[in-house]
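Read-outs: derived from the displayed coordinates by stated rules, not from any lab. For clarity, every value in this text was computed on a predicted model and none was experimentally measured. Positions of Cβ are generated from backbone atoms using ideal geometry, with glycine treated the same way; all protein chains shown enter the neighbour counts.
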Amino acid sequence: MSTAPLMPKATAVWLVDNTALSFDQVADFCKMHPLEVRAIADGDAAQGIKGMDPISTGQLTRDEIEKAEKDSGYRLKLADSKVRLPEAKKKKGPRYTPVSRRHERPSAILWLVRNHPELKDAQIMRLVGTTKTTIASVRDRTHWNASTLTPMDPVTLGLASQIDLDFEVQRAAKEKPLDQQYGGATLLPASETTRKEAEANEPTAKQQDDMNVDAVFAKLKTMGGKKSEE
């Protein structure tokens, strides 16, 4: 968070005109040079600038100013703002390439396309700061200078850093699905083979019926043989 007040020059004008603060105190609070504050007091600088009251904006209190007026060695402290503004996030745009090196980008693109075909167009654009149209023309050999292009490492050309290149390559490798390779025949688990053998040894329903009929006839024959002997 910045420690300077809003509109420091306008605040300095107001403090010079409405308080008995020293030039050093005003300069320290407004983040200015004491000679610049002296020029404001003499009318040599900030002409036409309307002073801004830091008390009304909540950047200073009356007690803070009075305390500083009594002690020339005291330095004003910026009051904490009750409103917290979110910090603006820096938007990531295409990488800037110096004009002197822009003619080397097609050679770098050709090197990336040949050596790292897994890279997407968006990744190549981030690395060398080019466009999708240029990448397509180099890949399809329709670039106006395709006959004389020589693949060259973008790191060597200074168009990208080795860290950025390694990061994009690793990222592309993670996103690329692995091909399923045939690993050869494998043995079935014991649970499968044991179950099939047990099922094969178990008699079917028809075999069980035949066994039961044969057992009945055998028993009758046995009973018949016993009666004849008696």
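Given 0.36 nm per residue, what is the gain on full extension from Y74 to N115 after removing their alpha carbon distance, in nm?
8.3 nm
What spacing in nm lies between the two simple spin-label points modelled at T156 and K174, each 7 Å away from Cα in the Cβ direction?
Output for this residue pair reads 2.9 nm.
Calculate, in nm to one decimal, what D164 and H103 gain on full extension: separation in residues at 0.36 nm each, minus their alpha carbon distance. Kindly include the intermediate steps, with their values, before the conclusion.
Working: separation 61, 0.36 × 61 = 21.96 nm, distance 2.08 nm.
Separation in residues times 0.36 nm, less the Cα-Cα distance, equals 19.9 nm.
Report ³J(HN,Hα) in whole Hz for each residue of region 70-76, in order, from the Karplus equation J = 6.51 cos²θ - 1.76 cosθ + 1.60 where θ = phi - 60°; Gly and Pro get x.
7, 10, 5, x, 7, 10, 5
Relative contact order (percent) for region 1-81, with alpha-carbon contacts under 8 angstrom and 6 or more residues of separation?
Taking the mean separation of contacting Cα pairs over the length of region 1-81, I get 35 percent.
What distance in nm lies between label points placed 7 Å from Cα along the C-beta direction at S147 and K31?
In this crude spin-label approximation the distance works out to 5.8 nm.
Could you work out the relative contact order of region 99-174, using alpha carbon pairs under 8 angstrom and six or more residues apart, expressed as a whole percent?
Answer for region 99-174 is 42 percent.
Using the Karplus equation 6.51 cos²θ - 1.76 cosθ + 1.60 (θ = phi - 60°), what ³J(HN,Hα) coupling, rounded to whole Hz, does each residue of region 132-141 give in order, writing x for Gly and Pro?
5, 5, 5, 4, 5, 5, 5, 5, 8, 6
Give me the extension gain from A4 to I49: residue separation times 0.36 nm, minus the current Cα-Cα distance, reported in nm with one decimal. Intermediate results must be reported in sequence, preceding the final value.
Working: separation 45, 0.36 × 45 = 16.20 nm, distance 1.80 nm.
That pair, A4 and I49, stretches by 14.4 nm at full extension.
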